[in-house]
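Please read the structure below before turning to the comments.
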Amino acid sequence: MAPKATVIAIVNQKGGTGKTTTCENLGVGLAMEGKKVLLVDADPQASLTISMGWPRPDELDTTLSTLMDKVLEDKPIQLGEGILHHTEGVDLIPSSIELAGMEVGLVNVMSREKVLKQVLESSKRSYDFILLDCTPSLGMLTINSLAAADSALIPVQAQYLPAKGLEQLLQTISKVRRQINPRLRIEGILMTMTDSRTNFGKEIDNLIRQVYGSKIKVFVHGIPRSVRAAETSAEGKSIFVHDPKGKVADAYRALTKEVVHSAEKRRKYQLDQLR
């Protein structure tokens, strides 16, 4: 039996922390390592869909909202249904504004936290990694993403002290672990938009590593602030095509290697448990 995909939710209820950029570039980085990768845009703003080259998501025939509707209506989802193929070797389940209506509708549904998990069930054997780009809130769509995930990767902007928001997110993750998804772990905190040239940037980085590093993995390499990285979202290309020799591409390569290493370690442990 083929092992199932590792599902990683890229999550932070604060906007502007680099979730979408991380989802896209980590996804493409994993594909460059020979992994089969599915990206899922779980945000009604559809930033991931747009930044991957589908600028009019509301015109797409099938989006995540369509597939979640099918689950709610007990209709089967065909293998590969609604999946778009990107030239850099990753697949995408796109989003559209319809997903905002879906979030409201989920409130009265039985097993409402597990609808996204059911959508992904048919894809899990076709991929090595499924990355979920979460909405910047702790609403029902984010809870669905955490319920479907094996782990949560938390991008944190290094420009200010995000401790309060981070505490709230960590509480939500542990609540989901207790009540809905006992296998959910924290993949790690990823420092984004770092600036090691300033004392303030270094202080924030050190502070987060001190406060959280003993309990939670903080990725060794943060993602540096870069104008070139910001430009990629308008082009439908990853940083590896846009600026392959730049510091941001290097940082995402390093992150990719850490994520692959962690997934392989976990898979080996699971196989050992089965023996």
*Just how much of residue 247 is accessible, in Å², when a 1.4 Å probe is used and the result is rounded to the nearest 10?*
110
*So for 242, 261, what's the accessible-area order with a 1.4 Å probe, most first?*
261, 242
*Residue among 12, 199, 144 with the largest mean-square fluctuation in a Gaussian network model of the chain, springs linking Cα atoms under 10 Å*: 199
*Separation between the residue 217 and residue 112 pseudo-spin-labels, each 7 Å from Cα along Cα→Cβ, expressed in nm?*
3.3
*Write down the accessible area per residue of the chain in Å², having rolled a 1.4 Å probe over the full set of protein chains.*
47
*Distant-in-sequence amide H partners of residue 157 (H built 1.01 Å from N, under 5 Å)*: 192
*asked:* Give me the percent of accessible area attributable to carbon and sulfur for the chain, probe 1.4 angstrom.
replied: 53
*Could you tell me what % of all Cα pairs in the chain have separations over 25 Å?*
42
*Take the Cα radius of gyration of the range 1-125 and divide it by 2.2 N^0.38 Å, with N its residue count; two decimals is plenty.*
1.04
_For residue 114, what accessible surface area do you get with a 1.4 Å probe? Give it in Å², rounded to 10._
80
*Compute, for residue 214, the solvent-accessible surface of its heavy atoms (probe 1.4 Å) with the complete set of protein chains present, and express it in square angstrom to the nearest 10.*
100
*When only the heavy atoms of the protein chains count and the probe is 1.4 Å, how do 250, 58 rank by accessible area, highest first?*
58, 250
*Could you size up the charge dipole of the chain around its Cα centre, putting +1 on the beta carbon of Lys and Arg and -1 on that of Asp and Glu, and report it in debye to the nearest 20?*
1340
*Hey, what do the phi angles of the range 256-271 turn into as Karplus ³J(HN,Hα) couplings, whole Hz, using 6.51/-1.76/1.60 and θ = phi - 60°, x for Gly and Pro?*
4, 4, 5, 5, 4, 4, 5, 5, 5, 4, 5, 5, 4, 4, 5, 5
*What residues qualify as long-range amide H neighbours of residue 188, i.e. H under 5 Å apart, gap of 5 or more or another chain, H built at 1.01 Å from N?*
152, 154
*Using a 1.4 angstrom probe on the protein heavy atoms only, line up 24, 121, 103 by accessible area, largest first.*
121, 103, 24
*First measure r as the distance between the Cβ atoms of residue 196 and residue 274, then evaluate 1/(1 + (r/R0)^6) with R0 = 30 Å and state the FRET efficiency to the nearest 0.05.*
0.10
*Taking the Cα centre of the range 186-275 as origin and charging only Cβ (+1 Lys, Arg; -1 Asp, Glu), how large is the dipole, in debye to the nearest 20?*
340
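The values are calculated or read from the model by the stated rules, or taken from the named source; none is laboratory data. Bear in mind that the values here come from a model prediction, so they are computed numbers and not experimental data. Neighbour counts are summed over all protein chains in view; Cβ atoms, including those assigned to glycine, are modelled from backbone coordinates with ideal geometry. Protein only, heavy atoms only, side chains kept; ligands, DNA and RNA dropped before computing areas. Shrake-Rupley method; radii C 1.70, N 1.55, O 1.52, S 1.80 Å.
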